[in-house]
Each structure stands twice: as C-alpha cells, then as structure tokens.
Amino acid sequence: MDGLMMDQPLLISSLIEFGARYHSKSEIVSRALEGPIHRYTMAEANHRSKQLAQALTRLGVTEGERIATIAWNGYRHFELYFGVSGMGAVCHTINPRLFHEQIVYVINHAEDKYVFMDRTFVPLLEALAGHLPKVAGYVIMTDKEHMPETKLENALCYEELLAAEDGDYQWPEFDERTASSLCYTSGTTGNPKGVLYSHRSTVLHTFTVCTAGGAGPNTRSRYLSLVPMFHVNAWGLPYGCAMTGAKLVLPGPRYEGDAIFDLMDEEKVDKAAGVPTLWMLLLAEMEKRGRKPEGFKTLVVGGSAFPASMIAAYEDKYGVDVHHAWGMTELSPIGTVGTLLPSMDALSKEERRAIKTTQGRAVYGVEKKIVGENGAQLPEDGKAFGELLVRGPWTASSYYNDPDATAQSFTEDGWFRTGDIVTLDENGFMNIVDRNKDVIKSAGEWISSIDLENAAMGHPAIQEAAVIGMPHPKWDERPLLVAVAAEGEAPPTLDEVKEFLADKVAKWWLPDDLMILDELPHTATGKVSKLNLREQLKDYSFPGV
Ligand code: AMP
C-alpha cells in the first residue's frame, strides 16, 4: 500500500528559493578578489543565481551538461552552486591545487562545456586550454572593469553575462535523482575519481549538515566556511546556510592566519569549519594576539585527524568548543560528527577529551560496519579494528564513468569500501586507526601512524608531524617520525621525543628515528601527503641497520 503523501522532488533550487523567501535578509559575506569585502543578501543571491541560469540557457547549456568552476570561496561561486544545479546542469567544482595533468584529465573526463574561473586562475587555464578540445568557452568571474587581457578564446565576463538577464526565471522541476554536482577525489594513486551527487542526495545531506551534533549552521549562526567550495561542496555549508538562513562568511583567496583572524573578528563569526592545518595557523595567530576572534564559539574540524593537544588549546585556553568530524568526497562528505552524549557529563575531563579526539559519532543516514582482512564483520566494541564499509542515501554508488575504480571500491552487495581502518564503539563513536595503506606493519602487528602523529604533536617543540613505515630487515617495517619544529623552538632530539611519548603509546610503537624538515608536503586538500613524503625519503634507511 502506498502512502498518500505528495511526491515533491527534493531539488537544490528549493533551498535557495526558501532562503530568499524566509531569510531574505540573511547575509553572504565574501572577501572578494576585486576589493576588500563584498556583502549581499540571500534574496539577491537567488536573483543573481536565476540571472546565471538564464545566461547559461542563452549559451545553449542544457540539462545534464557539465559546467566547471575553478574558484575561491566567494559569492559568485555560491551563485554557480545554485544557478548551474538549479537549471538542471551539473556543477563540476575543480580543485586548483591538483597537478596540471589532473586538471586536464578531470575537465576532459567530465566533458565540461564551460569553465568558470576566478581571475587568479586565468594563467592556469591559458596554459591548459590547448589540451581541452571539448570546452566551448571560458567565463571569467569578474566585472568589466577588472576583466584581464587574456589569450583564452571565447572568454566571457561573468558580470556582463548576468547584466544581460532580468532574473525573471522559474526554477524548473525535474526528477530529484538528476545529477547536480560533480567532485573528483584527489586520490593518491591513479587518476582522480568522479563522485556525481544528485539533488536528492544533496538535500538529504543538507538536513544532516544542519542537525548533526549542533556543529552545523542554524538561523542564528554566523558561519565561516574555510572548507574550499572546490572540495566536496564545502561540506554542504552553502546549502545549509540557504536552508537555515545562517550568515555565510567566505574567505576568498586569503588563508593566512592573520587574514582568517581579522575576517572572523570583523564578521563576529561564531562557528567555523576547516581542516587541521588552518586551525594550526589560526591558533598561532591567537597566541600572538593573546585572544580569540570576538564571538568565536564553535570549531568544526575534519579532513585529517585533530590532535588532543590542539583540542586542549582551543577548548581550555580559549573556550572554543571543538567538533571533530569525519567524511569523504564519496559521502557528500558527512559520515560522523563529534558530540558528547549527556551520559558523558559525569566523566573526567581527560575521559571526555579522549572521546573528543575520536572522529565523532554515527549520524543518521550513514550505515557502517567494519570488516577484517577475510571480509568477516568485526564487533563494535571500541577495540576491534578493520576496514570501514558504509552505505546510505548520500553515499556514492559508483564513480562517474570509471568501471575499474568502481570495481575496486564498491562491493557487490552495495557497500562502499572507505579504505579507512577504524574502531567503532557501542555508542557509534569511531576512531580512525589509519588509512589502509599508511598503517605500519611491524612484526605482524599494526602500529597506527595517526595515533603516533597525534601524540607527537603534543610535544611543545613540534608543530606538525607525520609518521611513515620504513622497511626494516628484522621487523618488516618500523616507524620513522618526520616533524617540523615549532616556531621559535629548538628542534627536539629523538631521545627527547621518545621520553615524551613513553607514557602515551606502547613501547614497541616508539619511532626508530626522527627527521626534522622545514615543511611537510601536503596534498591538494591540505592533508600531509605521505605519498610525496615516501618519494622524498625513498633512499632513507634506519641508522645502523
Ligand atoms: P577526501 O575525500 O579528500 O575528503 O578524503 C577523505 C579521507 O580523509 C578519509 O577517508 C580519511 O582517511 C581522511 N579523513 C577525513 N576526516 C578525517 C578525520 N577527522 N580524521 C582523520 N582522517 C580523516
């Protein structure tokens, strides 16, 4: 028997339409490329997104065609999120930090019809355009006054395109399963893999962004998204702000500690989301100024592990509540969010901190199980660890036009293999032990590189650390600690670090060697690139071995 409820499609346009109607004065504040700060309202954003949809229609873009963006977090990028998807086309956000060959690959693989770019990326596209035969034209996201000289053929000016339209446009209605946006994972091996979101998956995910654990936007929040809009739809925050009417603050191209601090201070940001490296930069700036940005209350962090020492600094010293979350491009991305349960109020501070350093807790809509090497399901007791498999309405079901990658990562009975080795406990808290390929195998036992890194980063003279397994004739692999010294501190010695770690990890986990570098290599999404680090250290061998 069917229920007797309306079958109204869940469409991305309904989010901005709702925002424009009921949160019409909510602000979107961006650090613009042309000048210091740009601000306008949700109603204006909806109007301009409609002008954009009209302009795309005039350019001959039809439902299902891919429109690429290479841009910072700013209001025009926001309009592309809604204008492109809203008209039924697919918004393909490209990470400008990918290698050039990868950018060429993703544009050709997606068969993008137009590429929209911030002025910053004009030279990049000029260099690559010769390899992009299927692109019909390029749109530079600026006004006439700031339009650069360019060798790009068919280069159009964004503001001129919009100015030719009146915004009198009705968002079309179509099947909610229609593709809405496309994001390629910057995999460490092989070509990037395309994750193709739908309107339905995006709207359902948005509910979770706004409700899970109190970390998301709500009507009263002033939310800073340091998460780039070119990475997994900025964790869904632009959609969440349209749904709730939260003020959305976007940093443009400026990611330095002082620029982040000033923007937060001026816009009275109370919640902010980003990857750990940015929180390290902001913390250093806060230490320099001896205060936090005014009104800053909640920090959401994910993408890589966030060490206990950082959580302690934010929470104990500055009273900023930390929510540690975990996600993946394939999961839209939210998979877990850290929130303490009421029953945990009675625990000691140390016990609560230990829970906060986990990657957070189950959210509705992402079903999980862990399996051992033989594929058998393991208990969720907080101790057994294995590969995490997930499924749910905002988890990818395959990669876009990539049967080989799909065969590797999706099981026949409908689960996605995350490649993360985790424990789960009876309350749904998840702890990442390691990436499948980063775990260190020593004498048949596993050492968690993440746990070691987190512990090492608590050392006052260490700013950032990475641990990688290096070949060892007797033990198979042993941990090598590679670290960047904290500013103004003398680099620590191996013995000092071992002494510091002695009561934090098992004795046989202690690193066999320490190497101090000026900086660690990072991936296009800001994680330490262990692939590059291994490449850099390929001639290394442990002393005396
Ligand atoms: P991406 O698809 O680029 O967002 O990368 C997803 C991967 O980042 C996951 O599979 C994890 O290995 C890692 N990751 C994401 N969030 C966290 C976190 N909070 N702690 C540790 N690793 C994380």
R0 of 51 Å, Cβ-Cβ distance residue 532-residue 25: FRET efficiency to nearest 0.05: 0.65
Give me, ordered by chain and number, the residues 5 or more places off residue 69 or on other chains with an amide H under 5 Å from its own placed amide H. 92, 93, 94, 116
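Within the accessible area of the chain, what % is carbon and sulfur when the probe is 1.4 Å and the other protein chains stay in place?
C and S fraction of accessible area: 50 percent.
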For the peptides 457-463, 390-396, what is the packing order when you average, over each peptide's residues, the other Cβ atoms within 10 Å and list the highest mean first? 390-396, 457-463
Highest average packing first - 52-63, 84-95, 12-23, 322-333, Cβ atoms within 10 Å: 84-95, 322-333, 12-23, 52-63
How big is segment 59-158 on each of its three principal axes, counting only the C-alpha atoms and giving the largest first in Å? 32, 30, 25
Convert each backbone phi in segment 507-517 into a coupling constant with the Karplus relation 6.51 cos²θ - 1.76 cosθ + 1.60 (shift: θ = phi - 60°), then list the ³J(HN,Hα) values in order as whole Hz, x for Gly and Pro. 4, 6, 7, 4, x, 7, 7, 10, 10, 9, 10
Where Cα atoms sit under 28 Å apart: lysine pairs in segment 1-160 separated by 8 or more or lying on different chains: 10
If we count every other residue with Cβ under 9 angstrom of residue 113's Cβ, Lys/Arg +1 and Asp/Glu -1, where does the sum land? -1
Per DSSP helix of 4 or more residues, -39500 (n - 2.57); summed, then divided by the residues of the chain. What does that give at 222 nm, rounded to the nearest 500? -8000 deg cm²/dmol
For segment 523-539, Karplus couplings with θ = phi - 60° (6.51, -1.76, 1.60), whole Hz, Gly/Pro x: 7, 4, 10, x, 8, 5, 8, 5, 4, 5, 5, 4, 4, 4, 9, 5, 8
If you average the sequence gap of Cα pairs under 8 Å that are 6 or more apart and divide by the length of the chain, what percent do you get for the contact order? 10
Evaluate the Kirkwood expression for the hydrodynamic radius of the chain, namely the inverse of the mean inverse distance over all pairs of different C-alpha atoms, and round to one decimal in Å. 24.3
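Please tell me the relative contact order of segment 182-263 in percent, rounded to the nearest whole number, where contacts are Cα pairs under 8 Å and at least six residues apart. Please list the in-between numbers first.
Details: 94 pairs, mean separation 20.8, N = 82.
This gives 25 percent for segment 182-263.
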Suppose all protein chains stay in the model; what accessible area per residue would a 1.4 Å probe give for segment 50-152, in Å²? 34
So, with +1 on the Cβ of K and R and -1 on the Cβ of D and E, and no other charges, what is the size of the charge dipole of the chain about its Cα centre, to the nearest 20 debye? 540
Give the span of segment 118-237's Cα atoms along each principal axis, as three whole-Å numbers ordered largest to smallest. 48, 45, 32
Net charge of neighbours whose Cβ lies under 13 Å from the Cβ of residue 158, counting Lys and Arg as +1 and Asp and Glu as -1: -4
Simple spin-label estimate for residue 41/residue 156, 7 Å along Cα→Cβ, in nm, reads 2.9
For segment 97-161, listing chymotrypsin sites (Phe, Trp or Tyr not before Pro) in a DSSP loop whose Cβ sees at most 13 other Cβ atoms within 10 Å gives 99
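Counting Lys and Arg as +1 and Asp and Glu as -1, what is the net charge of the other residues whose Cβ lies under 13 Å from the Cβ of residue 215?
+2
The values are calculated or read from the model by the stated rules, or taken from the named source; none is laboratory data. Because the structure is predicted, anything quoted here is derived from the model rather than measured. Cβ coordinates were reconstructed from backbone atoms using ideal geometry, including for glycine residues, and neighbour counts include every protein chain displayed. Ligands, DNA and RNA are excluded from the accessible area calculation, which covers all protein heavy atoms including side chains. Shrake-Rupley method; radii C 1.70, N 1.55, O 1.52, S 1.80 Å.
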